[in-house]
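Only one structure is covered here, and it is reproduced in the block below.
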Amino acid sequence: MGYNSLGLYVHIPFCLRKCFYCDFPSYSGMGHLMDPYLHALKIELKNSSTRIGDRKVNTIFFGGGTPTLYSSERLIDLLKYIKDTLCISQDAEITIEANPETLNGYKLEALKDEGINRLSLGMQAGQEKHLRKLGRGHTLKDVRVNMDLARSLGFDNINLDLIFGLPHQTLEEWVESLAIACKFGAEHISAYSLIIEEGTPFFEMLNGGSLNALDEDAEREMYHTGAELLKNQGYYHYEISNFAKPGKECAHNLIYWHNGEYIGIGSGAHSSLGGVRWSNHNGISTYIESISQKGCAIESKQKISPAEQRFETIMMGLRLVKGVSKAKFYNRFGQGIRVYYGKAIDQLKGLGMLEETTEYIRHTEKGFDLQNQVLTYFMDEL
Amino acid sequence: MSDAIREKIRNFCIIAHIDHGKSTLADRILEITGALSERDQEKQVLDDMDLERERGITIKAKAVRLTYQDKQGRDYILNLIDTPGHVDFTYEVSRSLAACEGAVLVVDSSQGIEAQTLANVYLALDNNLEIVPVINKIDLPGANPDLVKREIEDIIGLEAGDAPLISAKNGIGIGEVIERIVDIVPAPEGDNDAPLRALIFDSFYDNYKGVIAYIRVKEGTLKTGDRIRMMATEKEFEVTEVGVFMPTLSPVSQLSAGEVGYVAASIKNVGDTRVGDTMTHVLNPAKEPLPGYRAINPMVYSGIYPADGARYSELRDALDRLKINDASLTFEPETSVALGFGFRCGFLGLLHMDIVQERLEREYDLDLVTTAPSVIYKVITTDGIQHDISNPTNLPDQGDIEYMEEPVVEAQIMAPTEYVGAIMELCQDRRGVYKDMEYMEETRVLITYILPLNEIIYDFFDALKSRSRGYASFDYEPIGYQQADLVKLDILLNGEIVDALSLIIHEDKAYTRGRSIAEKLKELIPRQMFEIPIQAAIGSKIIARETIKALRKDVLAKCYGGDISRKKKLLEKQKEGKKRMRQVGMVEVPQEAFMSVLKFD
């Protein structure tokens, strides 16, 4: 996917239940707001179209929450509306996130028919006990059944989300989880390290002592072992937490990692366009109200200075295994990356955190584990 | 002033062990004599610095003039002089006492006589004061006034049979205390026509009047317009105002022999009004100064650096301002590789050091990094030259040193007998030399040790308290220098010496101390991107080693939905945290590390 792509993110904040680790802006028990929310989404889309004009949208990503909590009719209605309102590229990547328990053959078929060509399933773990401990609402079988269904309907780009570093998870269990995901035939695997965020039930349990966080060494071993395993299974490690079969990298997420442009629609959604970033209100009702009153639900908005844009390009770009392209950096900012960050790069190379080729600046394997530390070296300019 | 008026003056102070109720009694006396209306009375008026109130100690002496009419209708002038109550300020206490003819001795009716009580009584007796014993807190359940009376008689040898039984807190028996003061404390003596001799017992800086010196006129008369000379510093000034404390400054036409009051003379520097100095007239000067003046010198030194190097000049200004009111504080610029530009500051003792640091942080809003306190060592090099070293970094090469001397103090520790073993063990452990042990009574002993000063400036006080369950009290006095086998202990981070962590220490202690500092630093320095060896070394010999393991993981798994600001905020916070660290070579060292290497045990 090119560097000048435009992405569209559509946030669906509804969930059947809130998982114990989740700190995304998603809510359960808000089903009554699903129709008004859909209506608000359409208004926001309509208004956004004026910002974009006839610029082509290259990727669409329905994220959540659980987008597939909506019926297929509602989802298709929304997708149709998007296509009518915006100019969607012919070969656009269109992803929808789904929790296995909200899918069925009928829904999958409808989505496929309407042009959704990438499926992202929350599998999270390969053991029932871990699924239960995470507060997931599905079984491993639900994942397999829906994978098979999707396959038979012609989906050829499916991602499975997995989490490692779970409390009491063993390395063997993690390896097993990955092996199952490979066996299910996913084209793309996201393997996220569990981060226990404030405000989640896990955080409370951790503080209350009923949960023991996994120690760092064990967690890192899972990461590196997992990466190795996936490589051997033919997956290309292209971002800190993401692995893909050749050509199946997530085009939408690459826009973020290239610090590109995107429009986010829905509560809590973030946008970045023309050197300006903005984000919407998190609360569903606030969002709906705000849209119906003002036509937009922007909570904060800021112009990003060139210095910040440079830093963000590094911050996001270094998430990619390939690293930050020197040529792209030069084209975007008019000067070479070393002009701005020569000292930091040399220091970090000296520490064995970064390596430099003629084309790229990228992390070493060690640097990947310590990315936040590395990035602080690039912040002097801010 | 006529002798008849002088007959009605009573100059007195209140002495007590900490927490026995000195300040509360002072407040009650002020209240009952009408010096304060209850409305403008904040608790404990005499302690006017926040810090003092919080710590429950009195740092600066102060004086108040009170009027009192006895039952026969005779009017008296009472001058209450407050005294500081900590070992760091013994000299100041003694000068305040020298301004009085009497002292009210407050003893807690459940605690009895404590070390400080006794130390203060001795000081009072040294100054020929009449002592008025008072037994306080008699309304507390544990009160045993009869036992305490007997203690006073047995230990101090004071008649205590009719000592007032009071509760300063609840205002019981205060009138009786004042009557006793009037009866027992003698009126001051002195010749109004003799050459002026006025004792300076405290001073502070006033933005409008310059230095206000607290004085007790011993002989002669002082009035506005007089040319005066400080006999020790030989500085001369013209008096712009004399007055008394009501308790606010109230000008009067003159101060005569026997009176307590203040002098303003457009003096810019409190260093010119040294506590204990004698003020006399330029014309018709006194032949001899009053006895007892001592130039007081700092005993403890420490490097003070601004946490943010850019605030160096603010720190200098703040020190300048503190110095205006604190003649015993010294400072001069110094540079550290690890900490940048700062000051080597000299203090009377550890408490004084704490107070100055706290005031800098609180009143001047400065974030400080302080280095381990040191003393002044005398280093004699092979060329026969003597160097005074207060900063370990400046110690000459070991090969060039002929020998070294360290300051020693005579320490007096009073404690219940059951802790004698533990206390002697502690003193022994601190290279103390036993000198004397005296039973004050059956259950209480006074232990005297000669201790190296550098052994007590770290954590001696805390260790003593913990080994005696808080019962032991402690006082010390410098007695000179003695030769010792001292070495410089260096700490290396990642192979580089951190100058701000170097210490001068006795050879026998270097190994243990080196090891515990290394362990402590391991706890305090956060893990970084690389492994950090911590070494303690004497010269080129490594005596201890610890390793801070490299950080294993510091990465966000996910940047969700293009939410870049969240990750950026997190990084900014991280960056902010780094700013509060000191970069020592490649290693980031938190500021607490420089100070907390002192806390052991």
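The values are calculated or read from the model by the stated rules, or taken from the named source; none is laboratory data. All of these numbers come straight from a predicted model, not from anything done at the bench. In this analysis, Cβ positions are derived from the backbone assuming ideal geometry, glycine residues included, and neighbour counts consider all displayed protein chains.
Numerical summary
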{"item": "Restricting the stretch A:257-271 to residues that are closer than 19 Å to residue A:62 by Cα and polar (S, T, N, Q), the residue that is nearest to the other protein chains (Cβ to nearest Cβ)", "result": "A:271"}
{"item": "Residue A:177 being more than 23 Å from residue B:527 (Cβ to Cβ), among the hydroxyl-bearing types (Ser, Thr, Tyr) and without any contact (Cβ under 8 Å) to a residue 12 or more places away in the chain", "result": "no"}
{"item": "Condition met for residue B:94 (within 19 Å of residue B:471 (Cα to Cα), surrounded by fewer than 22 Cβ atoms within 10 Å (Cβ to Cβ) and not aliphatic (A, V, I, L, M))", "result": "no"}
{"item": "All positions within the stretch A:234-251 that are in contact with a His (Cβ under 9 Å, 6 or more places away or on another chain) and either at positive phi or part of a loop (DSSP other than H, G, I, E, B) (or both)", "result": "A:235, A:240, A:245, A:248, A:249, A:250"}
{"item": "Lone qualifier among B:410, B:477, B:405 - being within 27 Å of residue B:342 (Cα to Cα) and either part of a helix (DSSP H, G or I) or touching a residue at least 60 places away in the same chain (Cβ under 8 Å) (or both)", "result": "B:405"}
{"item": "Conditions (1) under 30 Å from residue A:7 (Cβ atoms); (2) under 39 Å from the mean Cα position of the chain (by Cα); (3) more than 7 Å from chain A (Cβ to nearest Cβ): number failed by residue B:569", "result": "(2)"}
{"item": "Residue in the stretch B:535-545 that is surrounded by 17 or more Cβ atoms within 10 Å (Cβ to Cβ), over 19 Å from residue B:371 (Cβ atoms) and either facing chain A (nearest Cβ under 10 Å) or of a type in the set (Phe, Trp, Tyr) (or both) present", "result": "no"}
{"item": "Within the stretch A:156-173, tally of residues that are within 14 Å of another protein chain (Cβ to nearest Cβ) and either of a type in the set (A, V, I, L, M, F, W, C) or part of a loop (DSSP other than H, G, I, E, B) (or both)", "result": "5"}
{"item": "Any hit, the stretch B:517-524, residues being in a loop (DSSP other than H, G, I, E, B) and surrounded by fewer than 19 Cβ atoms within 10 Å (Cβ to Cβ)", "result": "no"}
{"item": "The stretch A:177-199: number of residues that are farther than 22 Å from residue B:560 by Cα and not in a helix (DSSP H, G or I)", "result": "2"}
{"item": "Failed item, numbered, when residue A:61 is tested on (1) part of a strand (DSSP E or B); (2) of a type in the set (Phe, Trp, Tyr); (3) surrounded by fewer than 17 Cβ atoms within 10 Å (Cβ to Cβ)", "result": "(3)"}
{"item": "Candidates B:388, B:367, filtered to the one that is closer than 20 Å to residue B:452 by Cα and loosely packed, with under 15 Cβ neighbours inside 10 Å", "result": "B:388"}
{"item": "Tally of residues being among the hydroxyl-bearing types (Ser, Thr, Tyr) and within 14 Å of chain B (Cβ to nearest Cβ) across the stretch A:226-236", "result": "0"}
{"item": "Residues that are within 11 Å of another protein chain (Cβ to nearest Cβ) and touching a strand residue (DSSP E or B) at 6+ places or on another chain (Cβ under 7 Å), drawn from the stretch A:183-221", "result": "A:190, A:191, A:192, A:193, A:194, A:219"}
{"item": "Index of the failed condition, residue B:449 passing every other in (1) assigned to a strand (DSSP E or B); (2) surrounded by fewer than 17 Cβ atoms within 10 Å (Cβ to Cβ); (3) modelled with pLDDT of 85 or more", "result": "(2)"}
{"item": "Residue match in the stretch B:121-129 (condition: modelled with pLDDT of 90 or more and either in contact with a Ser or Thr (Cβ under 8 Å, 6 or more places away or on another chain) or surrounded by 18 or more Cβ atoms within 10 Å (Cβ to Cβ) (or both))", "result": "yes"}
{"item": "From the options B:15, B:29, residue that is modelled with pLDDT under 90 and closer than 27 Å to residue B:473 by Cα", "result": "B:15"}
{"item": "Which listed residue, of B:219, B:238, B:259, B:234, is at negative phi, among the charged types (D, E, K, R) and surrounded by fewer than 17 Cβ atoms within 10 Å (Cβ to Cβ)", "result": "B:238"}
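Conditions (1) part of a loop (DSSP other than H, G, I, E, B); (2) modelled with pLDDT of 90 or more; (3) among the hydroxyl-bearing types (Ser, Thr, Tyr), marked per residue:
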residue	(1), (2), (3)
B:151	no, no, no
B:161	yes, no, no
B:194	yes, yes, no
B:203	no, no, yes
B:233	yes, no, yes
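Listed here are the residues, each with its yes/no results for (1) within 22 Å of residue B:394 (Cβ to Cβ); (2) surrounded by 23 or more Cβ atoms within 10 Å (Cβ to Cβ).
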| site | (1), (2) |
| --- | --- |
| B:469 | no, no |
| B:472 | no, yes |
| B:475 | no, no |
| B:496 | yes, no |
| B:500 | yes, yes |
